[in-house]
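The values are calculated or read from the model by the stated rules, or taken from the named source; none is laboratory data. Source: prediction; values computed, not measured. Because the Cβ atoms are built from the backbone with ideal geometry, glycine has one as well, and the counts that use them run over all protein chains shown.
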Amino acid sequence: MSSEVRRLDESDSVDRKLWRDFVHASNNGTLFHLPEFLDYHAPGRFRNHHLLATGSDGCVEAMMTGALVEREGETWLWSYPGASWGGPVTRDDVTLSRMERILEAIADYCRDQGWAGMGLTLPPQPYFRRFSNYTDFVLVKRGFGYQKRELTAVIDLRRFGDDPELGFAESARRGVRKALRNGLVFEESSDFSSFYPVLESNLQQRHNVRPTHTLAELERIRSLTGDSVRQFVVRDGESGQVYAGMVMFHCNPRVTLAFYISHDDAFQSLRPVNLLYSGVIGWARDLGYHFLDLGTYTLNMEVNYGLCRFKESFSARGFFRNTFLGRV
């Protein structure tokens, strides 16, 4: 049994519904795979080319977000340059042999279009309803290599009992107690503009970069995806000044991702980030999420050990966020 691949028409309401419904029902679909999320990009920013794979019975087997990029004078399909990850989204019952057929069909499609290869960043394992490395295995078997392998810090919320702080290291618990003694307050806030200056300043000072999204883009993402984007802050209990914040992207029913975490260095001694982590962990657990992804602490395989130890003190452990590159 073979798979057939065609381009998804992102402007067609029928295709968009088919796309959206499949991602929601899939084994590993996330917010970053949904048409509503990708709509926040300005028209023409990427040369989008999203794919749908169906079996011989006409049923959808997989979909993949993609855009065309130029690499050394050749055209490649990248999944996805405008999101944290992409890669094939599959059904819950995908088998190894079916995964081989799907990727073979996608590779055939790329060759027929005259493209040289593909780049794919896959969601980490906790984002899968049913864990497997079938996609990784088939890609490596086909000659793909790792362009990069980063570690993202994931907390298994299911391991906590009634008191999440019992799962924290003593240093993390001490920091939470200090923040409370200093009169800091944890709360949810819908006002992105209250935290965004802290985020912008911190990234500029530490890394000389700007946030991935402008303030207007964050607002647009929230307007497109609704409750999938939430913000939490830690404030001074008297002045109301924001000392730290976290913007959460609810990626699927199992995982919520801390897309932005930042704080004002001038108030680091008050331990606002400890209170922020503790508050968000308790909130995510109470909502029934299985995992909380605190984001990467590596860059091009270089480890930020201070950040790693801090996230580990809240029970996080590293999972691969793999990017594959290969010719078709």
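Taking the criterion of being over 18 Å from TRP76 (Cα atoms) and among the acidic types (Asp, Glu), would at least one residue in the stretch 123-137 satisfy it? Yes: the stretch 123-137 contains one or more residues that are over 18 Å from TRP76 (Cα atoms) and among the acidic types (Asp, Glu). Does LEU218 qualify as being in contact (Cβ under 8 Å) with a residue 60 or more places away in the chain, of a type outside the set (D, E, K, R) and assigned by TED's automatic domain parsing to the domain that holds GLU238? Answer is no for this residue. The set of residues in the stretch 311-321 that are touching a Gly at 6+ places or on another chain (Cβ under 9 Å) and either free of Cβ contacts under 8 Å to residues at least 24 places away in the same chain or of a type outside the set (Lys, Arg) (or both) comprises GLU312, SER313, PHE314, SER315.
Pairing residues of the stretch 196-215 that are in contact (Cβ under 8 Å) with a residue 24 or more places away in the chain with residues that are charged (D, E, K, R), at Cβ distances under 8 Å and at least 6 apart in sequence or on separate chains, gives VAL198/ASP264; SER201/ASP264; ASN202/ASP264; ASN202/ASP265; LEU203/ARG210; GLN205/ASP265; PRO211/GLU200.
For the stretch 114-156, filtered to residues that are in a strand (DSSP E or B) and among the β-branched types (Val, Ile, Thr), the residue that is surrounded by the most Cβ atoms within 10 Å (Cβ to Cβ) is ILE155.
Do we find a residue being polar (S, T, N, Q) and loosely packed, with under 13 Cβ neighbours inside 10 Å anywhere in the stretch 197-204? Yes, the stretch 197-204 has at least one match.
The single condition among (1) buried (at least 18 other Cβ atoms within 10 Å of the Cβ); (2) under 20 Å from SER132 (Cβ atoms); (3) of a type outside the set (Ser, Thr, Tyr); (4) without any contact (Cβ under 8 Å) to a residue 24 or more places away in the chain that HIS24 does not satisfy is (1). Checking each residue in the stretch 1-26 for being more than 24 Å from the chain's Cα centre (by Cα), small (Gly, Ala, Ser) and modelled with pLDDT of 95 or more picks out only SER13. Just so you know, in the stretch 265-291 the residues that are outside any helix (DSSP H, G or I) and under 24 Å from the mean Cα position of the chain (by Cα) include one that is surrounded by the fewest Cβ atoms within 10 Å (Cβ to Cβ), and it is GLY288. If only residues of the stretch 209-257 that are among the polar types (S, T, N, Q) and outside any strand (DSSP E or B) are counted, the one that is nearest to ASP293 (Cα to Cα) is SER228. If the condition is being in contact with a strand residue (DSSP E or B) (Cβ under 7 Å, 6 or more places away or on another chain), among the polar types (S, T, N, Q) and free of Cβ contacts under 8 Å to residues at least 60 places away in the same chain, then the stretch 228-243 contributes GLN231, GLN241.
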